[in-house]
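*Asks:* I have a structure here, written as structure tokens, and I will follow up with some questions on it.
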């Protein structure tokens, strides 16, 4: 069977392949018919050369055209939404509703359109003008961006339509998308809409290119190539750290989202006040999407008490009662089982689940584990290993100081939640514990589960290593996410007519926010 | 002789040393009498623990107190200025005037006071509020910062008083200063003023700590320690890349300033219009401070012509006629000689200098080298190796397309300059070449030498690797430089009274700039 074509330099053409692979339907375990190529370095090399040329062209392209492309692409995806959703459903096992149709697709379209607005507006670039000093600077595109998409958001974090993709493009960079191997067909459809939109809006055709898979060594070579500007990667910690090492050695920025257990601290007053409601809320958040979210609440910290015991039993009963969803792939199922085995080996007791589930396809029983604070502190490394899927670890600590010690032992995480009594009874405990939690997490939540990640300008979907590779940046949220794919360009005594439009005396749109002599304004440079 | 004490946990105490070293007076080659310890890991470990505790305290400290500390420290340095300048002069050979007294000391005091204002104001943190979404975020301190200061700015980039120091402190982080081994006494005096100012303003005494030197392995362990937030390093490429590798592996941000040849393109119209003036300007910039600036113009690109030959001869004559300054240290002298030998071995012809200079202390003759564009393109790696000191390489290319090819082969640099005819005759050439230069440099200048680096909010003292480790950040310029030493903290549905002051509904000062629902304002969150 002929392998599917890659998209390079605006052409769908046969890959220069070193092998092939096929995706599976994880709900049935059946191999899907389409065959995809594993590209050789020759494909990467050609894509890089084409992207570098596109990058030069994009720098000369008015931001309005980049915005038009993103909007057009959103329209084209919307027009093909049913087919794309069908394909994503087959490749990932994620339900069409509630999920792909009513959550992820609208989010994907919204991100494309928000990114279009950010590109057109330009304020993301923080233009800064020192009038008297004759010095002006802003964030500018930095060159081709490689995007490695994760398995768990086939639309909204797809390497050819998702968060990193729209951020890189809106910042003015071409993208080389590396499909996630578990949904290559969905990615191909997204790249098809991109190429059509590029053709319609006249952007360089190599602004979006697609390779399905490469060998590991070629992936490392790709992210460290001199023609690359930066890389966005969301996926497993092992593969991500290899890419990071290669990119770091070459001095190429790489933004990673690796793993996170997303600690949830439930204070005693919250359990006393609304324990049953919390058990329901937690169970919903933890099992939604079969737990396959970067921000899944994988660890819950509870203070020992009778009420806590009742809460734990309540959640365990709910885990046992809930249906076991389909996992994204055979490798997710394998990794979940092995991670849970590791937690058990480190002393975790099984309160619910703990083994494979009945039913077709890749499934594992909803799993609730438990250790004491003392056990955790004796083995903090093994016990905070992420078990990606429908699993969580309850840590029952004896008192607040043991909770603080536990938080001090946490690695960096995307999120941290604290539930407390609504009338203030837990406030002293909150004040004691949050200073230990806050530096470990990118986003702190109160009385809210971490699984919703709004595309808000104030969002941080990021956090200290190893949740990500740099604690100063967010992967979700427009316009902040654009700033990852930029370099700071300064113009010192550059003649006025040679300045980029964003830094000239006259505000190019009347809407662009600029910091002029310490004042944020949408006005012109004062005469 | 007793070794000088280190400053750890607010105490000047004997180091737990593995050895000692002494500085030299580079103007005479004489060893200076003071003996400084090489700290063992025990000193680093104690400093890290104390810094981590100080970091927690600093997070609770009102920004006004941090500002007060920086101002007080500036006052104390000013009061001891004559003695500090005398010590820096002896340790570095840099002239008191023009330089230490009238340029570097005022700059150092100015930076401390600008950083104080930035800390008090808080707008550097880009507070961002999504009112309806209930999501708020800003940049917050990220923990102890290790600062490795360079040899060439004993005051303004001193690890205990300079650019990285003030940025880290103003962002709310404690600093562990690692003195530059060529001016330990100056660094000690700066740390003395810091401790006095800490005592006067009631900040945690471990906010500033000083170690003079460590073994290489301990340095790498220091920057990758879990207690560290980030590192600022300015110095040699070799040592910097080792630290970067260690920090990267641990996922700890490290901001490096490594090396840069700072290409200057002189277009034909500029030579025709004001060749003699340019020769004078270039010579002054290149030989100032014996060429020991990060932004020294180490490479000049010229288009072949008779006028260019005259310009080259003019500069060579000026290099021969100018006095040969003192170099900062024996190792700078050795490295300059070896770098120049490397350029000669790669084919560079010597137009002036090329060997050691007469006179006491460490000196090398003002050196002007030359290659053709063809030679450069045959050996671009060796011929863009920085020769730190009073040396520059002229590259005479045959035409604009050879110039463009040369620029395409450049690594990342801090600066790039283009001189052109003032009436527009060079504009077509400018437009042809700048797209090749712009992506390679952090700061683009017109008709101006790169050696002045104003402390401006719009400055970029940064650039693509290997000039620095990340192209998005600047080491000079307040408030932007503060953002290196911060993590993005998001608050999602956090109860109002638990928000940091900068993110509460009421603007805490009436002056803080915040991005509220897409609008930059100094106002409150609308009711």
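Nothing in this text is a laboratory measurement; each read-out follows from the coordinates by a stated rule. Owing to the predicted nature of the structure, the values given are computational and were not obtained by experimental measurement. Here the Cβ positions follow ideal geometry from the backbone for every residue, glycine too, while neighbour counts run over all protein chains shown.
*Asks:* Between 0 and 90 degrees, rounded to the nearest ten: what's the tilt of helix B:330-345 against the longest Cα principal axis of chain B?
*Replies:* With both axes taken from Cα atoms, the answer is about 40 degrees.
*Asks:* If you don't mind, there's one more thing I want to ask. PRE reach from residue B:432 (point 7 Å along Cα→Cβ): which of segment B:396-413 fall under 17 Å by backbone N?
*Replies:* Taking a point 7 Å out along Cα→Cβ of residue B:432, the residues of segment B:396-413 whose backbone N falls under 17 Å are B:396-409.
*Asks:* Compute the long axis of helix B:268-287 from its Cα atoms, compare it with the longest principal axis of the Cα atoms of chain B, and write down the angle in degrees, 0 to 90, nearest 10.
*Replies:* Taking Cα atoms only, the helix is inclined about 60 degrees.
*Asks:* So, one more: Classify the protein assembly as shown as rounded, prolate or oblate, taking a ≥ b ≥ c as the square roots of the eigenvalues of its Cα gyration tensor: rounded when a/c is under 1.5, otherwise prolate if a/b is larger than b/c and oblate if not.
*Replies:* Judged from the Cα gyration tensor, the protein assembly as shown comes out oblate (a/c at least 1.5, b/c at or above a/b).
*Asks:* Sorting B:448, B:398 on the 10 Å Cβ count, fewest up front, what's the list?
*Replies:* Result, fewest neighbours first: B:398, B:448.
*Asks:* What's the FRET efficiency of residue A:132 with residue A:497 using the Cβ-Cβ distance as r and R₀ = 22 Å, to the nearest 0.05?
*Replies:* 0.65
*Asks:* Please work out whether segment A:263-446 counts as rounded, prolate or oblate from its C-alpha gyration tensor, where a ≥ b ≥ c are the square roots of the eigenvalues and a/c under 1.5 means rounded, while otherwise a/b larger than b/c means prolate and anything else oblate?
*Replies:* Prolate, because a/c is 1.5 or more and a/b exceeds b/c.
*Asks:* Which percent of the Cα-Cα distances in segment B:1-100 go past 19 Å?
*Replies:* 63
*Asks:* Using Cα-Cα distances under 8 Å and only pairs 6 or more residues apart, what relative contact order does segment A:263-446 have, in percent?
*Replies:* 29
*Asks:* Separate question: Need the C-alpha centroid separation for segment B:63-81 versus segment A:476-512, integer Å.
*Replies:* Using only Cα atoms, the two centres lie 35 Å from each other.
*Asks:* Once you sort the root eigenvalues of the Cα gyration tensor of segment B:63-158 as a ≥ b ≥ c, which label holds: rounded (a/c under 1.5), prolate (a/b larger than b/c) or oblate (the other case)?
*Replies:* Prolate.
*Asks:* Ok, one more. Arranged from highest to lowest average of other beta-carbon atoms within 10 Å per residue, in what order do the peptides B:19-29, B:258-268, A:219-229 appear?
*Replies:* Descending mean neighbour count gives B:258-268, A:219-229, B:19-29.
*Asks:* List A:96, B:440, B:277 from most exposed to least, where exposure is judged by having the fewest other Cβ atoms within 10 Å.
*Replies:* Result, fewest neighbours first: B:277, A:96, B:440.
*Asks:* Residue separation times 0.36 nm, minus the C-alpha to C-alpha distance between residue B:86 and residue B:358: what's the value?
*Replies:* Value of the extension gain: 95.5 nm.
*Asks:* How far, in nm to one decimal, is residue B:304 from itself in the other copies if the label point is set 7 angstrom along Cα toward Cβ? Shortest first, please.
*Replies:* Computed spacing set for this position: 8.5 nm.
*Asks:* List the distances, in nm and shortest first, from the label point of residue B:226 to the matching label points in every other copy, placing each point 7 Å from Cα along the Cα-to-Cβ direction.
*Replies:* 4.1
*Asks:* Further question on the same structure: Given N residues in segment B:408-527, what is its alpha carbon radius of gyration divided by 2.2 N^0.38 Å?
*Replies:* Here the Cα radius of gyration is 1.50 times the empirical estimate.
*Asks:* Another question, then. Just to confirm the numbers: residue A:82, label point 7 angstrom along the Cα-Cβ line, distances to the other copies in nm, shortest first?
*Replies:* Those separations, rounded to one decimal, come out as 8.9 nm.
*Asks:* Let me check against my output: what whole-number percent is the relative contact order of chain B, with C-alpha pairs under 8 Å and at least 6 apart?
*Replies:* It rounds to 17 percent for chain B.
*Asks:* Additional query: What's the FRET efficiency of residue A:382 with residue A:509 using the Cβ-Cβ distance as r and R₀ = 51 Å, to the nearest 0.05?
*Replies:* After rounding, the FRET efficiency stands at 0.40.
*Asks:* May I pose another question? Please give the helix B:105-121 orientation as an angle from the longest Cα principal axis of chain B, in degrees from 0 to 90, rounded to the nearest 10.
*Replies:* Value to nearest ten degrees: 40.
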